[in-house]
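In what follows, a structure is listed as C-alpha cells, so that the remarks can point back to it.
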C-alpha cells in the first residue's frame with residue numbers, strides 16, 4: 001500500500017463518518033423509533049479486497065466470517081462524547097439513529113465504488 005492510498009482511504013472514511021454523524025444527529029422526519037434499541041453496521045465485501053483488509057488492519061472494522069465480508073459497527077464509531085447534545089443512552093442504543101448513520105456511511109463508500117451496504121438489528 002502506498003502512502004497516497006492510505007491518505008485516500010483515510011479521507012474516504014472521514015467523509016463517510018461525517019455523513020454518518022450528520023444523519024445520526026438528524027435521522028429524518030419520523031421520530032418513531034428513536035427510543036427503540038438496536039444496532040447497525042456497515043458491511044464491506046469481499047473481505048479480501050484491499051480496502052476491506054485496510055479497514056481491519058487499522059482497527060476500523062472486524063472480519064465477519066459468518067455473513068462474509070467485514071463489518072464496521074456504528075456503535076463503535078458514534079460514542080456518546082461525539083454527540084453531546086444527545087442523551088448518552090440514546091446515543092448508544094437508538095436503532096433509528098444508528099441505522100441512519102450506517103446508511104449514510106455506506107452510501108459514501110458505495111458512491112466511491114466500494115461495495116458497501118448498511119444492515120441493522122432491533123434488540
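The values are calculated or read from the model by the stated rules, or taken from the named source; none is laboratory data. Not measured: the values here are computed from a predicted model. All Cβ positions, glycine included, derive from the backbone under ideal geometry; neighbour counts span all protein chains shown.
Out of curiosity, is residue 14 free of Cβ contacts under 8 Å to residues at least 60 places away in the same chain, surrounded by fewer than 16 Cβ atoms within 10 Å (Cβ to Cβ) and assigned to a loop (DSSP other than H, G, I, E, B)? Here the answer is no, as residue 14 does not meet what is asked. When the range 1-36 is filtered for residues that are modelled with pLDDT of 85 or more, within 18 Å of the chain's Cα centre (by Cα) and farther than 14 Å from residue 108 by Cα, the ones remaining, listed by number, are 24, 25, 26. Which residues, taken from the range 75-123, are assigned to a strand (DSSP E or B), buried (at least 20 other Cβ atoms within 10 Å of the Cβ) and touching a strand residue (DSSP E or B) at 6+ places or on another chain (Cβ under 7 Å)? Scanning the range 75-123 gives 116, 118. In summary, residue 72 fulfils each of the numbered conditions (1) touching a residue at least 40 places away in the same chain (Cβ under 8 Å); (2) touching a strand residue (DSSP E or B) at 6+ places or on another chain (Cβ under 9 Å); (3) not in a helix (DSSP H, G or I) with the single exception of condition (1).
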